[in-house]
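Please read the structure below before turning to the comments.
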Amino acid sequence: MADSASLLFNPRTYDPEHFDPETRRLLRATVDWFEARGKRRLIEDYRSRAWLGDFLDFAAREGLFATFLTPASAAGKDDQRWDTARIAALNEIFGFYGLDYWYAWQVTILGLGPVWQSDNAEARARAAELLAQGEVFAFGLSEKIHGADIYSTDMLLTPDGEGGFRASGSKYYIGNGNAAGLVSVFGRRTDVEGPDGYVFFAADSRHEAYRLVKNVVDSSKYVSEFHLADYPVAPADILHTGRAAFDAALNTVNVGKFNLCTASIGICEHAMYEAVTHASNRILYGRPVTAFPHVRRELTDAYVRLVGMKLFSDRAVDYFRSAGPDDRRYLLFNPMTKMKVTTEGEKVIDLMWDVIAAKGFEKDNYFAQAAIEIRGLPKLEGTVHVNLALILKFMRNHLLNPVDHPAVPTRLDAADDAFLFQQGPARGLGSVRFHDWRTAFDAYAEVPNVARFREQADALCTFVETAAPDEEQSRDLDLLLAVGQLFALVVHGQLILEQARLTGLDEELLDELFAVLVRDFSTHAVELHGKDSATEDQQSWALGAVRRPVVDAARSARIWERVEALSGAYEMGQ
């Protein structure tokens, strides 16, 4: 049975022995760099909004980004590959120490997406060389007026008569736009109407026709607005044209949005060490704060939710790495990591903040920045609402129409995830098929709260078959989102159970976790009941799906002991 600390990232004991030697060295070197920097400097850099020059210098010296973000097809060294498992591990580390560091890395990933999907060998070689030099990248997609509505882009490319273009227009909310050696920019031709006119091209932030306007946020993250004025786009700079440019944009987001879940996990882990340590040592009315039943419940809920986040995300990695033209199940699990895991992260922070109260505002703690940064992750790479609407596209096939798929193993092997840059057209989501979700639940049918949650999942299948929204209700996004939350919980529970089986997680912890999920399902069912457009049948179904978790005071007490053991397990040095 795993102890509480072994399930969480702890710099004191971290040894990613499941990876190859160079990956282990780089991950450990990254942890050591942050630990040597110390908590005081980390927080001061965050508060003073200092640019991340020292960190990027470290990453360049170690070849960190080049090793982790150069796919094998463009690699100049043996250890370079695009390996989602180790990328996820680095996301967690960056989140643990500060989202500013993660953000510079994340938008580099996004900026590289259109390049690694391109057939432009010259641009790919240039990107690989820039990575080797320690440069960062940027993804020039969204605009101030249109946001991420790429159909309406106002970045205009006028043919120059020599096979290239002159680009003019602005981009907004573009990370690393102040320093990127290469910016992947999305625009449209002035001489071609419709989707055939889309273009993705590579720009250099140091070019004289590239004007950096400002950082649009008050942060070390440089989230830029930039303007191109008659910027020369040579044929060698063109990454994609036509529909392929549109697909490259969406497929890049498919790759990049996954990273938000593990960053959220890292934030919550660091905050949890601080919160439990503080609560355990705070004396109120003559006894520790953790002696109060409501405090124990809140911290226990936070802990098991965090464990669930990790289990789901780790299992999702396997589906990413095993994806191919005939297995696109990752297209569901991806928005799930983006939407479900990051919103779980918000709940984890809120639960802990209710316990530590004013301590959560103090400037000398990591928690104060965690409480702010955790809010951003559900809102990046598509809002919760956008991703919930995407998840709903898979609901009927996932719940009701399973097919046989080969079993997906744990994927920690040192392989290159080449398919992520060969995803093809970004359509056909309704045709994606899944293995039977019930199998994961059947394996834990004897665990009381897994069985109780299974009742709710089966009830959702009945809802889809007998009371699903009709054509008119399908235009009511408010109602559909409530249904989406219910479906998301079933998928969340499924992958948690799959990962629990693969890792041998003890059933007592799983039981406590599913008690929380049973309560969550009941909450969303009641929400659906109250929707303006819910029919009588839907209202009746909703109340009928409410369940009470199976209560076991002795089990909860034993899980609490694991949470309490986190007190003093880690504290960052000054």
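The values are calculated or read from the model by the stated rules, or taken from the named source; none is laboratory data. On a predicted model such as this, the values are computed, not experimentally measured, just so you know. Methodologically, a virtual Cβ is constructed for each residue, glycine included, from the backbone with ideal geometry; neighbour enumeration extends over all protein chains shown. To get the accessible areas, we keep the full protein, side chains included, count just its heavy atoms, and leave off ligands, DNA and RNA. Shrake-Rupley method; radii C 1.70, N 1.55, O 1.52, S 1.80 Å.
Brief remarks follow.
- Relative contact order of the chain, pairs being alpha-carbon contacts under 8 Å that are 6 or more residues apart, as %: 16 percent
- Reported to the nearest whole Å, the Cα centre-to-centre distance from region 419-457 to region 204-269 is 32.
- Rolling a 1.4 Å probe over the heavy atoms of the protein chains gives region 438-542 an accessible area of 39 Å² per residue.
- For the pair region 1-74 / region 498-569, the C-alpha centres are spaced 34 Å from each other.
- Charged side chains reduced to their Cβ positions (Lys and Arg at +1, Asp and Glu at -1) give region 418-574 a dipole of some 320 debye around its Cα centre.
- 0 to 90° range, to nearest 10: angle between helix 84-97 axis and the chain longest Cα axis: 80 degrees
- Charges were assigned to the Cβ only: +1 to each Lys and Arg, -1 to each Asp and Glu. The resulting dipole of the chain about its Cα centre is roughly 920 debye.
- With respect to the chain, whose longest principal axis is taken over its alpha-carbon atoms, helix 21-37 is tilted by about 80°.
- Rounded to the nearest 20, the Cβ-based charge dipole of region 140-292 about its Cα centre (Lys and Arg +1, Asp and Glu -1) stands at 760 debye.
- Summary value for region 168-252: 37 percent relative contact order, contacts being C-alpha pairs under 8 angstrom separated by 6+ residues.
- Other-chain or far-sequence residues with amide H under 5 Å of Val223's (modelled H): Val216, Val217
- The mean sequence distance of close C-alpha pairs (under 8 Å, at least 6 residues apart), as a share of the length of region 261-360, puts its relative contact order at 42 percent.
- Counting only protein heavy atoms and a 1.4 Å probe, region 252-401 has 31 square angstrom of accessible area per residue.
- Degrees between helix 293-321 axis and first principal axis of the chain (Cα, 0 to 90, nearest 10): 40 degrees
- Split the accessible area of region 306-363 by element, probe 1.4 Å, and carbon with sulfur accounts for 51%.
- Accessible carbon and sulfur surface of region 458-539 relative to its total accessible area, %, 1.4 Å: 45 percent
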